[in-house]
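What follows draws every value from the coordinates through simple rules; no lab data is involved. What you are looking at is a predicted structure, and each value in this text was computed from that prediction instead of being measured. Cβ atoms come from the backbone with ideal geometry, glycine included; neighbour counts cover every protein chain shown.
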Amino acid sequence: MIWALSRTLLAGLLLTPAAYADKVHVAVAANFTQVAEELAPLFEAASGHQVTYSFGATGQLFTQISQGAPFEIFLAADDERPAKAVAEGLGVEGSVFTYAVGRLALYSTSLDIADGAASLANGEFDKLAIADPRTAPYGAAALEVLEAFGLVDAIGPKLVMGENITQTLQFIETGNAELGFVAASQVLGKSNVWIVPGDYHQSIRQDAVLLTTGAGNPAARAYLDFLKGSAARGVIEAAGYLAEE
């Protein structure tokens, strides 16, 4: 009897962390995919909670949120949609903060684009890939760059639009486009990369927001606290993002 009771108590103790761990479902902008995946085990080890991600273009994710998708946190690639989520009652007031400031890069696997501005101006390519500017903030930034250089009309017929920044990178790496605009974090350490000076486009401030669906979930609040901490900041900045401006 005593032995059986001891086994029961021991089993209960071993199961306690899992039994009391909560799960959080986070909608994440596609450009932040690799960093989010790197952060997941760090968060889970530090908190005991579990995190699940859904990746996509910021605009598409916001549409899903507005249609009732069961996300509890939204990590956008802009600062517009998290603010809109709060304004429309989908996000928690006071929970918005900038978790990363992105940088735009021109990238090619076949062309020398050390002088990115000149490479764009000479037009010696058939296809230029960008993410859909209607849903992807990095695509919108790319369009701003083309507008700043006065190249929209000349390059417009050569544009290939990715559904999100991940697909845009795939277009370049598979040769469906000779070059394209992606997030600098996606091509960290690669050659043939031109980091676009920030004065050619609006700042890519990537904001996070606690959604109302996650307001009562301890794991959701723990994840946002973790994202603000030094461990997460180190990973984010090492991945090529800037600290909050």
Contact order normalised by length for segment 104-195, with contacts defined as Cα pairs under 8 Å and 6 or more residues apart; what percent is it? 49 percent
CD proxy at 222 nm, helix term only [per DSSP H run n ≥ 4: -39500 (n - 2.57); per residue of the chain; nearest 500]: -12500 deg cm²/dmol
Note on segment 104-195, DSSP bridge orientation, antiparallel percent to nearest 5 equals 55 percent
As a percent rounded to 5, the proportion of antiparallel DSSP bridges among beta bridges in the chain is 55 percent
Find the lysine pairs in the chain meeting two conditions, Cα atoms under 28 Å apart and a separation of 8 or more places or different chains, and report how many there are. 6
Applied in sequence order to segment 136-141, the curve 6.51 cos²θ - 1.76 cosθ + 1.60 (Karplus, θ = phi - 60°) yields integer Hz couplings, x standing for Gly and Pro, of 10, x, 5, x, 5, 5
Collect residues whose amide H, placed 1.01 Å from N in the peptide plane, falls under 5 Å from the amide H of ALA100; neighbours closer than 5 in sequence don't count. GLN206
For a quick check: with amide H placed at 1.01 Å from N, whose amide H comes under 5 Å from GLU178's, ignoring anything fewer than 5 positions away on the same chain? ASP126, LYS127
Would you tally the net charge around ASN192, using a Cβ to Cβ cut-off of less than 15 Å, leaving ASN192 out, and scoring K and R as +1, D and E as -1? -4
With each pseudo-label sitting 7 Å past Cα toward Cβ, what's the ASP112-LYS158 distance in nm, one decimal? 1.8 nm
May I ask you to derive the relative contact order of the chain, considering only C-alpha pairs under 8 Å and at least 6 residues apart, and to give it as an integer percent? 29 percent
Counting other beta carbons within 10 Å of each residue's own, what order do ARG233, ARG134, ARG81, ARG103 fall into, fewest first? ARG134, ARG233, ARG103, ARG81
Sequence-distant residues sharing a close amide H with VAL24 (under 5 Å, placed H): GLN50, VAL51, THR52
Give me the distance between the Cα centres of segment 229-243 and segment 175-223, rounded to whole Å. 12 Å
